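Let me begin by presenting the structure, written as structure tokens, before commenting on it.
The values are calculated or read from the model by the stated rules, or taken from the named source; none is laboratory data. Values in this document were obtained by computation on a predicted structure and should not be read as measured data. Quick reminder, even Gly has a Cβ in these numbers, built from the backbone with ideal geometry, and neighbours come from all protein chains shown. Just so you know, the surface numbers come from the protein's heavy atoms only, side chains and all, with ligands and any DNA or RNA stripped out. Shrake-Rupley method; radii C 1.70, N 1.55, O 1.52, S 1.80 Å.
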Amino acid sequence: MRQRRVIRSAARFEDEIGYSRAVVVDGWVHVSGTTGFDYATMTISEDLVEQAEQCLDNIGAALAEAGCSFADVVRVRYLVPDRADFEPCWPSLRRRFESVRPAASMLVCGLADPRMKIEIEVDARVPDA
């Protein structure tokens with residue numbers, strides 16, 4: 001039997017647009033594109049690296065609620081409006097992903113809000129699923 005569970009955050013975007021922070025299906029965790037907003041206060045730093053760190057914190061919270069961690073990530077996608085903004089984030093990304101080395105892609109594209117400088121989405125597998 002297929003099992004599906006949604007994970008929500010405090011982000012108002014989820015209600016306004018109609019999506020979940022993450023969806024867990026049959027042991028797979030699909031975390032939506034996650035930005036640098038602090039969802040508790042709905043504020044976002046102007047600093048690129050701070051945004052990247054907040055993205056990762058938001059993703060970590062969703063993964064934990066799903067029963068896994070960054071160690072279980074198998075795929076990551078980075079979305080940036082300006083390709084020059086990707087490299088300054090590498091140390092933050094490396095700290096979270098170096099030991100697991102998921103498959104990765106980086107796309108240059110527009111984001112929903114001009115204050116957003118990076119968006120990250122991941123897919124993970126719940127251990128022992």
What about Val23, is it open to solvent by less than 60 Å² (accessible area, probe 1.4 Å) and touching a Pro at 6+ places or on another chain (Cβ under 9 Å)?
no
Within the range 16-36, the residues that are without any contact (Cβ under 8 Å) to a residue 60 or more places away in the chain and within 20 Å of Pro114 (Cβ to Cβ) are Glu16, Ile17
Identify, from the list Ser92, Ser99, the residue that is out of contact with any Gly (no Cβ under 8 Å at 6 or more places or on another chain), of a type in the set (Gly, Ala, Ser), open to solvent by less than 20 Å² (accessible area, probe 1.4 Å) and at pLDDT 95 or above.
Ser92
Taking Asp72 as the residue in question, decide whether it is touching a residue at least 60 places away in the same chain (Cβ under 8 Å), closer than 30 Å to Arg2 by Cβ and touching a Lys or Arg at 6+ places or on another chain (Cβ under 8 Å).
no
Restrict the check to the range 96-116 and report whether at least one residue is in a loop (DSSP other than H, G, I, E, B), among the acidic types (Asp, Glu) and touching a residue at least 24 places away in the same chain (Cβ under 8 Å).
yes
With the structure loaded, tell me whether Arg75 is under 13 Å from the mean Cα position of the chain (by Cα) and open to solvent by 30 Å² or more (accessible area, probe 1.4 Å) or whether it fails that test.
yes
Can you tell me which residue among Ile44, Ile7 is of a type in the set (A, V, I, L, M, F, W, C) and under 17 Å from Glu121 (Cα atoms)?
Ile7
Within the range 95-129, track down each residue that is among the basic types (Lys, Arg) and more than 24 Å from Tyr39 (Cα to Cα).
Arg101, Arg125
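Can you work out which of the residues in the range 36-52 that are of a type in the set (Ser, Thr, Tyr) and either modelled with pLDDT under 95 or part of a strand (DSSP E or B) (or both) is least open to solvent (accessible area, probe 1.4 Å)?
Across the range 36-52, the extreme among qualifying residues is Tyr39.
Collect the residues in the range 53-94 that are of a type in the set (S, T, N, Q) and not in a loop (DSSP other than H, G, I, E, B), keeping them in residue-number order.
Gln54, Asn58, Ser92
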With the checklist (1) at pLDDT 95 or above; (2) of a type in the set (Asp, Glu); (3) out of contact with any Phe, Trp or Tyr (no Cβ under 7 Å at 6 or more places or on another chain) in hand, flag the one item Asp123 doesn't pass.
(3)
When the range 102-128 is checked residue by residue, the ones that are more than 16 Å from Ala66 (Cβ to Cβ) and exposed (fewer than 13 other Cβ atoms within 10 Å of the Cβ) are Ala103, Ser105, Leu107, Cys109, Gly110, Ala112, Asp113, Pro114
Suppose we filter the range 7-35 for residues that are out of contact with any Leu (no Cβ under 8 Å at 6 or more places or on another chain) and either in a strand (DSSP E or B) or at pLDDT 95 or above (or both); how many remain?
8
